[in-house]
Each structure stands twice: as structure tokens, then as C-alpha cells.
Amino acid sequence: MAFVLDVASLRACVPAATFERALDIYRRQGVLDYRLAAASAAEWHIDGEVQGSEREPYESSVRLELSPDGRVLDFHGGCSCPVGQDC
């Protein structure tokens, strides 16, 4: 099973500022570790460790439901960062 993600549909799931902050963290290689697991053909779980602006990395978890072409149908996220959810 391949993980295919339509980034534009993901962008629509969170506030613009949150998406841009996450993209900045990704670009500066702040994603320290992640685990991607398929729960079904449509549901994926991602758990990871992200270096944000604080000294200690944040723990992050995401559950995605995707269409066959990678569009995000449902998104739930949790994080130990100050935002705490859907970041």
C-alpha cells in the first residue's frame, strides 16, 4: 500500500499560519523522527518527533483518512506543542 498525499487538501485542514509554520519546520529539517502506519486502505497514522522553537522536541501524532488519489477526507492531529491539536 502506497502513501499518497494531496498537499493542497491537507492545507485546507488547518489554518494558513499553522500550515506555513509546519512547512518551515519540514524545510529546515526539524522533523527528527516519524513512523507511518496504514490502519486500512484509507486510514493512516503518523507519529513523530519535531523540533520546534522550544529546547525539547515535540511529540506529534496524526490520523488521516485519504481518498484513493490522496485527498484528505478527515484529519485529526495532536501535539505536545503549545497549539496542542491539528498542528
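The values are calculated or read from the model by the stated rules, or taken from the named source; none is laboratory data. Source: prediction; values computed, not measured. Counting neighbours? That spans all protein chains shown, and the Cβs are built from the backbone with ideal geometry, glycine included. Areas reflect the complete protein model, heavy atoms only, side chains present, ligands, DNA and RNA absent. Shrake-Rupley method; radii C 1.70, N 1.55, O 1.52, S 1.80 Å.
Listed values, structure above:
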| quantity | calculated |
| --- | --- |
| Surface accessible to a 1.4 Å probe, per residue, for the residues of the chain, Å² | 66 Å² |
| Helical contribution to [θ] at 222 nm, DSSP H n ≥ 4, -39,500 (n - 2.57), averaged over the chain, rounded to 500 | -5500 deg cm²/dmol |
| Among Glu20, Glu49, Glu59: highest mean-square fluctuation, GNM of the chain, C-alpha pairs under 10 Å | Glu20 |
| ³J(HN,Hα), Karplus 6.51/-1.76/1.60, whole Hz, each residue of region 60-70, x for Gly, Pro | 9, 9, 9, 10, 10, 10, 10, 6, x, 8, x |
| Whole-Hz ³J(HN,Hα) from phi, Karplus 6.51 cos²θ - 1.76 cosθ + 1.60, for region 48-59, glycine and proline x | x, 10, 10, 8, x, 7, 7, 5, 8, x, 8, 8 |
| Local electrostatic count at Ala39 - Lys and Arg +1, Asp and Glu -1, tallied over other residues with Cβ under 14 Å | -2 |
| Ordering of 4-16, 30-42 by packing [mean C-beta count within 10 Å, highest first] | 4-16, 30-42 |
| Phi to ³J(HN,Hα) by Karplus 6.51 cos²θ - 1.76 cosθ + 1.60 over region 8-13, Hz, x for Gly, Pro | 4, 6, 5, 4, 6, 8 |
| Segment Glu59-Asp24, extension gain: residue separation times 0.36 nm, minus the distance between their alpha carbons | 10.9 nm |
| Surface share of carbon and sulfur [accessible, 1.4 angstrom probe, percent] for the chain | 53 percent |
| Region 49-69 residues near the modelled Ala39 label - backbone nitrogen below 15 Å, point 7 Å along Cα→Cβ | 61-67 |
| Binned Cα-Cα distances of the chain, short to long, each 5 Å bin given as a whole percent | 3, 14, 24, 28, 20, 9, 2, 0 |
